[in-house]
1. Taking the stated definitions as given, is B:Ala302 in a helix (DSSP H, G or I) and either surrounded by 19 or more Cβ atoms within 10 Å (Cβ to Cβ) or on the phi < 0 side of the Ramachandran plot (or both)?
2. What number of residues in region A:140-165 are surrounded by fewer than 19 Cβ atoms within 10 Å (Cβ to Cβ) and either among the charged types (D, E, K, R) or touching a residue at least 60 places away in the same chain (Cβ under 8 Å) (or both)?
3. Looking only at region A:280-327, count how many residues are among the β-branched types (Val, Ile, Thr), within 14 Å of the chain's Cα centre (by Cα) and within 14 Å of another protein chain (Cβ to nearest Cβ).
4. Please go through region B:226-246 and give me each residue that is touching a Gly at 6+ places or on another chain (Cβ under 8 Å) and either hydroxyl-bearing (Ser, Thr, Tyr) or at pLDDT 95 or above (or both), ordered by number.
5. Read through the list (1) away from chain B (no Cβ under 14 Å); (2) surrounded by fewer than 24 Cβ atoms within 10 Å (Cβ to Cβ); (3) in contact (Cβ under 8 Å) with a residue 24 or more places away in the chain, then give the number of the only condition that A:Ala204 fails.
6. Any idea which of (1) more than 38 Å from the chain's Cα centre (by Cα); (2) at pLDDT 95 or above; (3) closer than 28 Å to A:Asp116 by Cα is the one A:Ile8 doesn't satisfy?
7. Would you mind finding the one in B:Asn104, B:Asn54 that is surrounded by fewer than 20 Cβ atoms within 10 Å (Cβ to Cβ), more than 29 Å from B:Ile189 (Cβ to Cβ) and either in contact (Cβ under 8 Å) with a residue 12 or more places away in the chain or within 16 Å of DNA strand D (Cβ to nearest atom) (or both)?
Protein chains: 2
Amino acid sequence: MGVMNSKIRISDVAALAGVSTATVSRTLANPDKVGKAMREKVQEAVRVTGYQINAAARDLRQRRARSILILAPNLSNTFFSSIFAAVQEEASAADLTVQISDSNIGREKIATLGQDGRADGIILLDGGLDPEIVNGWRLPVVQLCEWNDAYDAPSVCIDNTAAVELAVDHLVQLGHRDLLHIEGPKDNILAITRRDGFLSATNASGVKASIMAGDFTIQSGAKVAHLWAALDQRPTGVICASDECALGFISEVMRLGFDVPEQVSVVGFDDIEFADRFNPSLTTIHQPRGEIGRQGAQCLIAMLTNKDVAVVPPKEVHAHLVTRVSTSRAL
Amino acid sequence: MGVMNSKIRISDVAALAGVSTATVSRTLANPDKVGKAMREKVQEAVRVTGYQINAAARDLRQRRARSILILAPNLSNTFFSSIFAAVQEEASAADLTVQISDSNIGREKIATLGQDGRADGIILLDGGLDPEIVNGWRLPVVQLCEWNDAYDAPSVCIDNTAAVELAVDHLVQLGHRDLLHIEGPKDNILAITRRDGFLSATNASGVKASIMAGDFTIQSGAKVAHLWAALDQRPTGVICASDECALGFISEVMRLGFDVPEQVSVVGFDDIEFADRFNPSLTTIHQPRGEIGRQGAQCLIAMLTNKDVAVVPPKEVHAHLVTRVSTSRAL
DNA sequence: CTGAAAGCGCTTACAG
DNA sequence: CTGAAAGCGCTTACAG
């Protein structure tokens, strides 16, 4: 435990041990490629000096960064928390550090991030970036949750169409014949896929279907609550493109004096942390975020390790419907 | 827009422009220190090749990392989201990248992170690390939310004692005379401070006070709900050490058939995203997380820039009580 | 098994 | 204003 380990370099250790820096380097990286006597001298010198390798120098020499970058469209969105945690856990186990950045910091900066030599690969949670930028990174990329077919990168996602069908079927089986979908942002691939899934599933079931605009946020759900309340014929089943939207819709509708699920059944999407503690607890599609983060990180790490894996196929993780109190039989 | 910008180095650009690498370097860093003719030749060569500076090499040469590291005890805790977002925003504006790591990845790894040359400074959200490790980093550190007096680092926090007093006063003014506090983990500085604040404030007000064990989580709040319900004399006012705990307590108590706030008023702590959308919406202490993140990042960046600021004093940000539906007049 | 030397890709005194 | 050369702190063929 050297107390003054501030600026010890490998040459300091070498000098103290009376060996070359090459030997110190080898002792640290491959102890058994060094003779016992030398090795012990070096290890002692390392101990005495409290030497810590300078990773930046090591990485430059080895032309790698030992780091992966997570890019998400809004870091303050709590949806991402468990994904970050899972990615970090996998990365840490593989001795990789994790960088994190909002993907809305500007075109220039984003383009640079993938080319400045400080990351080995990228976990991308945003399907809305310019494909020219994404494909311009000369780095392995894995898409999570969202995807963009124009990106030359594998993805780890749930089957969003099938997931919405689960929600529609659930409401239809409860006897609902008039369903409303509160969609996400018009240009978001998840929003589009979920809306299309809603339309085809309701069509197949022969129930009435309508759509109102939203953007995944609590506020948008609350706003639609007023539109819904003003309707002559109010749909009795509502499927939201996100849990936040659903919670916003429910809380506002209740403030307007309606009862959930007595007067309207509501289904969310994602199964965020508070979905089962909300009152009423929220029926929703469970999206296994930890699993997605884990698989995505493993996929990226595999691409980093085995650079000649030709094409990695998209991976699909299982999503299921969680039935709670916010949905009930139609009157 | 060079198409093959895969491995262009500064020497490639220099060769193409017919100048030295020094001139290319200067043109990029200080264009006006280079003659007009040279500058234009270089800029053209940069354009043609699509050259991107290798930040890893630049940083090694300049002996800095242009990166700050955020350390938090549990990345999947949604409490941190808006802090991460604020820190990232400030860092990005200062041209710093952000690394993120769970502080529970093991003693060795944590100690290394602060000494491997890949970060210039650390934002620390964990007051439970061994002071020897924290003080062993030869890097500027700023503590956020939590603090540990044994760390040789400034902090940005709210006044937790005063905040709890606000909550106690609120309930006392509503006529409550028997208060319960659900505390956080025994060894956590926030938990300790809030509990002590609760005890001194209730003592000063002359109302009855009791404490039950928790750990900030939803589950712990739900668990205490049963203990509370089993009491002969049930406290009519409950102050929880976190919002999550409060939501767990409320939802469980309601499932047991009690009404909130009719039969028990509940106050949380933090004002997380869903606090105002919960049903009933939660009266709580608003902890300005974005503000804390922003101030913390600015403080750290200032320490990075001005290395000889002797001692940075702790900063206190303002917290206030948000009154919502979960508290009401005692019967 | 070990060391001298080159090199990762930059920047920056220094000299002109 | 510009370039040759040294150097950031490592690792790794290469030679012995």
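The values are calculated or read from the model by the stated rules, or taken from the named source; none is laboratory data. The shown structure was predicted, so the numbers you read here are calculated from the model rather than taken from an experiment. Every residue, glycine as well, gets a Cβ built from its backbone with ideal geometry; the counts of neighbours run over all protein chains shown.
1. Judged against the criteria, B:Ala302 is a match.
2. Final tally of qualifying residues: 4.
3. Within region A:280-327, residues that are among the β-branched types (Val, Ile, Thr), within 14 Å of the chain's Cα centre (by Cα) and within 14 Å of another protein chain (Cβ to nearest Cβ) number 1.
4. Answer for region B:226-246, where residues must be touching a Gly at 6+ places or on another chain (Cβ under 8 Å) and either hydroxyl-bearing (Ser, Thr, Tyr) or at pLDDT 95 or above (or both): B:Cys240, B:Ala241, B:Ser242, B:Asp243, B:Cys245, B:Ala246.
5. Evaluating A:Ala204 over (1) away from chain B (no Cβ under 14 Å); (2) surrounded by fewer than 24 Cβ atoms within 10 Å (Cβ to Cβ); (3) in contact (Cβ under 8 Å) with a residue 24 or more places away in the chain leaves (3) as the failure.
6. Checking A:Ile8 against (1) more than 38 Å from the chain's Cα centre (by Cα); (2) at pLDDT 95 or above; (3) closer than 28 Å to A:Asp116 by Cα, the one that fails is (2).
7. B:Asn54
Yes/no matrix, rows are residues, columns are (1) assigned to a loop (DSSP other than H, G, I, E, B); (2) more than 24 Å from A:Gln173 (Cα to Cα):
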position	(1), (2)
A:Ser210	no, no
A:Ile250	no, no
A:Asp259	yes, no
A:Gln263	yes, no
A:Gly290	no, yes
A:Gly296	no, yes
